[in-house]
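Notes follow once the structure below has been shown.
FYI, it's all coordinate maths here, none of it is from the lab. Remember, it's a predicted structure, so these values are computed and weren't measured experimentally. All Cβ positions, glycine included, derive from the backbone under ideal geometry; neighbour counts span all protein chains shown.
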Amino acid sequence: MKTAFVSIIGRTNVGKSTLLNALLGEKISIISDKPQTTRSRIVGVYNSDDVQIAFLDTPGFHRPENKLGSRMIEVAEESIGDVDLLLFVAECRAPGSTEREIVRRIQASGLPCILALNKIDKVRKEDILKVISDYTQLHEFDSVVPISALQQDGVKIVLDEILRRTEESPVAYYPTDAATDRSERYLAGELVREKLLRNLRDEVPHGTAVETVLFRDREDGSLTEIFVNIICEKESHKGIIIGKQGTMLKKIATEARSEIENLLGRKVYLECRVKVREDWRNNENLINEYNEF
């Protein structure tokens with residue numbers, strides 16, 4: 001058995017989770033066009049014949065504005081540690097101050113690192129070489145791969161680069177039929193949060209969390225019942241989430257239920273309720289209650 005532990009690191013909203021899902025060939029991490037979508041570390045497991053790669057998807061580096069943001073940065077920093085390889089995902093453009101700080105952390109770790117320059121579908125081909133030059137002047141990466149995770153362009157090259165760096169191991173660290181270390185209960189809650197992020201605007205989605213209060217299968221196995229509390233910070237946000245005559249909440253729940261059914265492979269009854277917990281992102285107890293770091 002050959003194995004590797006790989007941390008996927010980078011700034012927020014650069015496509016780390018999209019790349020993880022593309023590498024695995026299935027959706028493990030939620031994705032949206034909002035920054036700070038990933039709040040906690042999630043392991044995605046790639047299994048093939050005698051190879052297992054554990055990918056650690058982590059929150060993006062950013063300037064925290066509350067205690068939740070600071071906690072997310074701690075999780076991201078901790079991920080640059082006890083792994084075999086770093087996969088640094090950055091947009092294909094000149095490195096900014098956040099990217100330069102990440103490079104400094106990579107250098108301090110002493111770990112090998114592959115740089116994936118993402119979203120090449122949004123830049124001119126002649127600009128890609130300039131960006132590669134900018135980054136290679138900052139650090140001697142083990143490999144630099146231009147990619148478009150969304151369009152699956154270059155993803156196989158990234159995987160091949162990682163496979164070349166796997167090492168012999170006496171055992172697999174995760175069951176060979178596992179795609180993630182997270183439970184179905186956790187993934188269901190995350191899919192509800194994804195629909196909040198995708199359907200809501202401005203500050204509202206960032207101040208939401210999803211608490212799964214019930215997740216159970218009926219005895220005959222025909223249905224899974226899921227009850228969640230959608231947490232927000234203001235009464236005005238609650239009204240936006242519910243929408244006129246409940247239309248927004250129904251839309252969010254319908255979209256989430258459909259995707260949860262695809263995930264579980266069975267029918268789902270999903271009930272969503274909205275609760276207000278003012279300024280929960282600065283309350284350590286509530287941060288721990290609503291998030292599995």
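Computed quantities for the displayed model
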item	result
For region 23-96, projected area of the alpha-carbon convex hull averaged over all directions, nm²	6.3 nm²
Helix 247-264 vs. the chain, principal-axis angle (Cα, 0 to 90°, nearest 10)	60 degrees
P(r) of region 184-290 over all Cα-Cα pairs, binned every 5 Å from zero, in whole percent	2, 13, 24, 24, 17, 11, 6, 2, 0
Rounded FRET efficiency, nearest 0.05, which uses the C-beta distance separating ARG218 from GLU289 and R0 of 25 Å	0.35
Two-decimal Rg/Rh across region 92-246, once Rg and the Kirkwood Rh are taken from alpha-carbon atoms	1.08
Contact order relative to length of region 119-277, as percent, for alpha carbon pairs under 8 angstrom and 6 or more apart	18 percent
For region 103-110, 3J(HN,Hα) per residue [Karplus equation, 6.51 cos²θ - 1.76 cosθ + 1.60, θ = phi - 60°, Hz, x = Gly/Pro]	4, 4, 5, 4, 4, 5, 6, x
Residue among ASN291, LEU163, PRO205 farthest towards the positive dipole end of the chain, charges placed on Cβ	PRO205
For the chain, share of DSSP beta bridges that run antiparallel, in % to the nearest 5	35 percent
The chain, relative contact order in percent, only Cα pairs under 8 angstrom and at least six apart counted	18 percent
Cα→Cβ-extended label distance, 7 Å offset, between ARG201 and ASP121, nm	2.5 nm
Mean Cβ neighbour count within 10 Å, used as a protection proxy, ranking 112-123, 7-18 highest first	7-18, 112-123
Descending semi-axes in Å of the chain, equivalent ellipsoid built from Cα gyration tensor	33, 23, 17
Charge dipole (debye, nearest 20) of the chain; +1 at Cβ of Lys and Arg, -1 at Cβ of Asp and Glu	1140 debye
Overall form of region 2-168 per C-alpha gyration tensor (a/c, 1.5; a/b vs b/c)	rounded
Relative contact order (%) - region 12-140, alpha-carbon pairs under 8 angstrom, separation at least six	19 percent
